[in-house]
Amino acid sequence: MSMLTDSNQIIISTHNLNKKFGGIVAAKDVNLSVNTGEFRCLIGPNGAGKSTLFSLLCGIERADSGEIRILNKEVTKLKPFQRIKLGLGLKFQTNRAFQSLSIKDNLSISNNKIQVMDNEIAEERYQLALSEFKLKSEGAKLARELPHNMLQWLEITMILASFPKIVLLDEPTAGMSVEETLFTGSVLKRLNATGLTIIVVEHDMQFVKDVANKITVLHEGEIFSEGTAEEVSNSEEVKNIYLGRD
Amino acid sequence: MKHLLNLIDGDKDIGRGNKFWAGFFLVLICFFLYPTFVSSFRASNTAFYLLNIPMGFGLCLIWGYCGILSFGHVAYYGLAGYAYGIIAGNLLGNSWGPILGVLGGLVVCTIISGIFGYFVFYSRIQKWIIPILTLVFTLLLETFFVQTSGYQWRVGRVLLGGFNGMTNIPFFQIGTFEFEGYSFYYYCLVIVLVLFFGLRILVNSKFGQIVIGIREDELRTEMLGYDIRFLQCVTFIISANLAGISGLLYVQWGNYITPSQMGILQAALPVIWCAVGGRNSFIAVIFATIVLNWLSFTLSSQGNQYALVIIGTLLVITMVFFPRGIVVMIFEKMQKIR
Ligand SMILES: Nc1ncnc2c1ncn2[C@@H]1O[C@H](COP(=O)(O)OP(=O)(O)OP(=O)(O)O)[C@@H](O)[C@H]1O
Ligand SMILES: [Mg+2]
């Protein structure tokens, strides 16, 4: 249980992050900080800036101002692939598994071993996802022949194949049935229990309550509120922004 | 060794398994025996079809596998040819001259394609512009070499020769042995074979897989932690060198080179070979390069002025009916029947 010893260390954080697209404020003074081994959920209405926050963390988008730290390293000036190599993994909102390649190829391309330390545990996580998501036996199948839930699982497993320390999952259960969503949540929880830090964007409140240690609510680019599932779901203000009553 | 054989037999090119390789080596034996049935002149003519294959390979790699269409690979064909002519020409009489010429040609290709690739891939320009940039580059080179007539364009004792090109380029030689006629044919055949196996290993290796990933989805690949710009650059340099190898073989074959080798008509040829055969397959490119070169050579040597029109028509037919290439699609059909 060595991961518990450093579980209160901040693994990824932002300081006053700002991003505008023309007139649209996609991130406004965002101060996010996630601890090692945490399971964090990001929620918020459409256009709140959840995906943009992931893009900013990974460097796909450059922040207008502010600072990002990954594993205590200032990464604001690093290129995307350099940030990934520090131990990040990103699953895009729209599934981006390599459609015309086989599952086997998808996974072997992803097998980058970005993280030098802890290879054993990273390999364990990868194997866990492989067997739970039943991807091993179907290796020769092309990604585009897979049903949507399998595609999502494939992309999650691809990310684990790159041996990350932190995974960012943008709506990983979109398009899944209730059972599949629950199952995905249970697998993610098992991965989290091995010490993997997980940040998930999700709309499904049941899923969020089920998995999250802590929830961050984004609204119009700002962190609107933060707390446990209970605190957030009981908040009148949060209900208001979801119902568009503010 | 076992590992290498597995890579050669990998699934990133058509043609795998015992049956395929049995057929492959049967055809190969025919190619090796061919010179014993024909004159040295015919063997040398056939060598011309073979010597173009590396450039086809180069385009296959950068276009078919990496997803970047270069319309100007003949630039490196020409540059390597001229570099060889200058170096070997100046070292005439020295038996190391041709070997240094080859090395020089490849160094020039590496440097120029490296610089070009750096600006293209690191500047994040949109992908559809790349074919135009590569074409413009080769046309600029052509224009430059066309105006190099006269004595002021002399490098050492070699004249660049302007529109008429550079002549008296030495044969390739090792020690005192010169490659011409039959021996040049075998020399080309061995080079094509070595490159073929090397490229099969490359595309089935980890590097090849990542390159294919870049073709499929640049951002996804980058977000797995790969420096895609660097990898695109490296792939571009490798493919430029393959074109350079063809350029070297060409000048060693014909002992001359003209700027029109970097012109627009020549620039279109490797694209046509790859499109007609199938740009995702080295085997297909070998087929298409030999057949199309033979076709255009036969047509034009019979005084047919429409050689290019016929080849062009073939290209259009391919694009409409065989979008992934004739050879590749026939191959896939055959595999389904079995
Ligand atoms: N590349 C872009 N160019 C212009 N505007 C953008 C761009 N990316 C995002 N936006 C805008 O920024 C805002 C935040 O978008 P973002 O995709 O981060 O929202 P989100 O919270 O992920 O929403 P959803 O739940 O719909 O996925 C939106 O108004 C969106 O239109
Ligand atoms: Mg989003």
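Points to keep in mind about this one:
- Each residue, A:ASN213 and B:THR167, gets one label point 7 Å from its Cα in the Cβ direction; the gap between the two is 8.1 nm.
- Altogether, the Stokes-Einstein calculation at 37 °C and 0.692 mPa s, with the Kirkwood radius of chain B over Cα pairs as Rh, returns a diffusion coefficient of 159 µm²/s.
- Ordering A:ILE241, B:ILE210 from the fewest to the most neighbouring beta carbons within 10 Å gives A:ILE241, B:ILE210.
- For segment A:122-206, the Stokes-Einstein estimate of translational diffusion at 37 °C and a viscosity of 0.692 mPa s comes to 251 µm²/s, using the Kirkwood hydrodynamic radius over alpha-carbon pairs.
- Computed from Cα atoms, the angle from the helix A:148-161 axis to the main principal axis of chain A rounds to 90 degrees.
- Mean residue ellipticity (222 nm) of chain B, computed from DSSP H runs ≥ 4 via -39,500 (n - 2.57), nearest 500: -22500 deg cm²/dmol
- Taking the Cα centre of the protein assembly as shown as origin and assigning +1 to Lys and Arg Cβ atoms and -1 to Asp and Glu Cβ atoms, the resulting dipole is close to 1540 debye.
- When you restrict to C-alpha pairs under 8 Å that are six or more residues apart and normalise by the size of chain A, the relative contact order lands at 26 percent.
- B:LEU219-A:GLU145 FRET efficiency (beta carbon distance; Förster radius 30 Å; 0.05 resolution): 0.85
- Take the Cα of B:GLN147, step 7 Å toward its Cβ, do the same at A:LEU78, and the gap between the two points is 4.9 nm.
- Across segment A:10-243, the volume of the C-alpha convex hull divided among the residues equals 118 Å³ per residue.
- Farthest toward positive dipole pole in the protein assembly as shown [+1 Lys/Arg, -1 Asp/Glu at C-beta], among B:VAL328, A:SER186, B:GLN126: B:VAL328
- Residues of type lysines that B:LYS19 reaches as a straight line, Cα spacing below 23 Å, ignoring anything fewer than 8 places off in the same chain: B:LYS2, B:LYS333, B:LYS336
- A Gaussian network model of chain A, with springs between Cα atoms under 10 Å, assigns the largest mean-square fluctuation among A:VAL201, A:VAL217, A:VAL25 to A:VAL25.
- Bridge type composition, segment A:10-243 - antiparallel percent by DSSP, nearest 5: 55 percent
- Relative exposure of B:SER44, A:SER13, judged by other C-beta atoms within 10 Å (fewest first): A:SER13, B:SER44
- Efficiency of FRET between B:SER205 and B:SER260 - r from beta-carbon atoms, R0 22 angstrom, step 0.05: 0.05
- Exposure proxy ranking, count of Cβ atoms within 10 Å, fewest first, for B:TYR306, B:TYR182: B:TYR306, B:TYR182
- Of the cross-linked pairs A:LYS79/A:LYS214; A:LYS113/A:LYS136; A:LYS50/A:LYS165, those separated by over 24 Å at the C-alpha level are A:LYS79/A:LYS214.
- If R0 equals 22 Å, the separation of the Cβ atoms of A:ALA193 and A:GLU123 corresponds to a calculated FRET efficiency of about 0.85.
- Relative contact order of segment A:135-246, taken over Cα pairs closer than 8 Å and 6 or more residues apart, is 18 percent.
- Contour excess over end-to-end distance, with Cα ends at B:ASN6 and B:ARG124 and 0.36 nm allotted per residue: 38.9 nm
- GNM result for chain B, Cα springs below 10 Å: residue of B:PRO270, B:PRO170, B:PRO131 fluctuating most strongly: B:PRO131
- Cα centroid separation, segment A:197-243 to segment B:18-60 (Å): 67 Å
- Summarising the label geometry, the points placed 7 Å from Cα in the beta-carbon direction at A:LYS20 and A:GLN99 lie 3.6 nm from one another.
- Choice from A:ILE68, A:ILE156, A:ILE60 with maximal GNM fluctuation in chain A (Cα, 10 Å cutoff): A:ILE60
Here, each number is a calculation from the coordinates, and none is a lab measurement. Keep in mind that what you see is a predicted model, and the values were worked out from it rather than measured. No Cβ is skipped: glycine too gets one built from the backbone with ideal geometry, and neighbour counts run over all protein chains shown.
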